[in-house]
Amino acid sequence: MNGYATPLFSRADLVVSQHYDPSNRATIYLGDCLDLMSDMPEQSVQLAITSPPYNIGKAYEDVMDLEAYRDQQDQVIAACDRILRPTGSICWQVGNYVDGGEIVPLDIILYESFKRRGYKLRNRIIWHFGHGLHCKNRFSGRYETILWFTKSDDYYFDLDPVRVPQKYPGKRHFKGEKRGQLSGNPLGKNPSDVWDIPNVKANHIEKTDHPCQFPVSLVQRLVLSMSQPDDLVFDPFLGAGTTAVAALLNRRRIAGAELMEAYHKIAMDRVKKTLSGEIKVRADKPVYKPEPTSKLARNQWTGEELSAQQELGL
Ligand SMILES: C[S@@+](CC[C@H](N)C(=O)[O-])C[C@H]1O[C@@H](n2cnc3c(N)ncnc32)[C@H](O)[C@@H]1O
């Protein structure tokens, strides 16, 4: 179960629709995102979050040249712009396209598409993770980025739901007018623009057959800070439905499109499990760091001893 004291949804909200209607709690469309967006009214979406195809030849991709990729993404960004509210945000999560050993940072390639439409970049969030390919001719890549753009200066943002624990929670001012008062915000500190969240690899609790999921807790920070309950969250490239899970767990509405039937099925399954309270997600908590000197490291949450394999996160 999800741990909420009251049920997340009413019976009517437990329906997952395949076609968009403003009254839907969840629309999980099988097909091209541009088709879904053409059915959605102007200014209906508070927050668009996505990790688009990376143009790097995954099972679901036709590798195209960079110009064609930029044009295709530009069309999707234009369509997102039409359906986004003036107070809304767009979060585009991308990594690097690798071409014969040269890396091309896709956020740099796509930045202009947003800027040309008057969008303002509020953060370029670095998502750092611990696992990936080991490179021989360059340093191994261990981050991707999230470009967070707002449509206007009058944008919705609430830091409080995503604050993280202070390093020294009880620390107080020791001199001056504020002597004795807490020196930090009791609700926690700003999580900053560098987020250390494990990527979804084989042993991750959220792993499905999709080759390229992002973690729910990454999306959850965006959902909680940039939208309010019952707002519509949109993901044009839904994949295994991670944005849908994060939106629904936090009582938002979701619409998203997925082109491939196999991934659409996975997304539907995860959404249904979310609505029924059966979905399992990794909590947004610090990444475990083994003590370098320990004979057998302990899990920092439970105190249990870890095997060497667990210690290495395998
Ligand atoms: C990087 S993956 C997204 C993964 C997703 N963030 C998750 O956590 O599962 C991109 C997805 O976009 C889908 N896709 C590609 N072109 C599409 C299009 N035109 N419309 C809808 N989905 C598309 C691909 O099949 C792929 O599953």
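Values as computed for the structure displayed
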{"quantity": "Förster-model FRET efficiency, 45 Å R0, Arg142 and Arg179, C-beta, rounded to 0.05", "calculated": "0.60"}
{"quantity": "Cα gyration tensor, the chain - rounded (a/c under 1.5), prolate or oblate", "calculated": "rounded"}
{"quantity": "Approximate spin-label separation Ser152-Lys189, in nm, with each point projected 7 Å along Cα-to-Cβ", "calculated": "3.5"}
{"quantity": "Calculated FRET efficiency for the pair Glu112/Leu34, C-beta based, R₀ 35 Å, to 0.05", "calculated": "0.95"}
{"quantity": "Burial order of peptide ranges 126-133, 138-145 (average beta-carbon count within 10 Å, highest first)", "calculated": "126-133, 138-145"}
{"quantity": "Pairs of Cα atoms farther than 24 Å apart, the range 150-271, %", "calculated": "42"}
{"quantity": "Candidates Leu182, Leu36, Leu224: whichever shows maximal mean-square fluctuation once the chain is modelled as a Gaussian network with Cα springs under 10 Å", "calculated": "Leu182"}
{"quantity": "For the chain: relative contact order, % (alpha-carbon pairs under 8 angstrom, 6 or more apart)", "calculated": "21"}
{"quantity": "For Thr208, residues with placed amide H under 5 Å, excluding near neighbours", "calculated": "none"}
{"quantity": "Span from the the range 106-157 Cα centroid across to the the range 175-219 one, whole angstrom", "calculated": "17"}
{"quantity": "For Tyr29, distant residues with modelled amide H under 5 Å away", "calculated": "Gly256, Ala257, Glu258"}
{"quantity": "Most mobile of Met260, Met226, Met268 in a GNM of the chain (Cα contacts under 10 Å)", "calculated": "Met260"}
{"quantity": "Per-residue ³J(HN,Hα) for the range 252-265, Karplus 6.51 cos²θ - 1.76 cosθ + 1.60, θ = phi - 60°, Hz, x for Gly and Pro", "calculated": "8, 9, 9, 9, x, 10, 9, 6, 9, 4, 4, 6, 4, 5"}
{"quantity": "Derived scalar couplings ³J(HN,Hα) [the range 114-130; Karplus, 6.51 cos²θ - 1.76 cosθ + 1.60; whole Hz; x for Gly, Pro]", "calculated": "7, 4, 4, 8, x, 6, 10, 7, 9, 8, 10, 7, 8, 9, 9, 9, x"}
{"quantity": "Check: the chain dipole with +1 on Lys, Arg Cβ and -1 on Asp, Glu Cβ, in debye", "calculated": "1740"}
{"quantity": "Entries of Lys265/Lys285; Lys167/Lys189; Lys167/Lys201; Lys167/Lys280; Lys207/Lys280 with Cα pairs more than 19 Å apart", "calculated": "Lys265/Lys285; Lys167/Lys201; Lys167/Lys280"}
{"quantity": "222 nm mean residue ellipticity, helices alone, for the chain (DSSP H n ≥ 4; -39,500 (n - 2.57); rounded to 500)", "calculated": "-7000 deg cm²/dmol"}
{"quantity": "Most fluctuating residue given options Gln75, Gln228, Gln18, as computed from a GNM of the chain linking Cα atoms under 10 Å", "calculated": "Gln75"}
{"quantity": "Pairwise FRET efficiency - Arg124 versus Arg163, Cβ, R0 = 35 Å, nearest 0.05", "calculated": "0.95"}
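Each reported figure results from applying straightforward, stated rules to the coordinates on display, with no laboratory input. These figures come from a predicted structure and were not determined experimentally. Neighbour counts run over all protein chains shown; Cβ positions are idealised from the backbone, glycine included.
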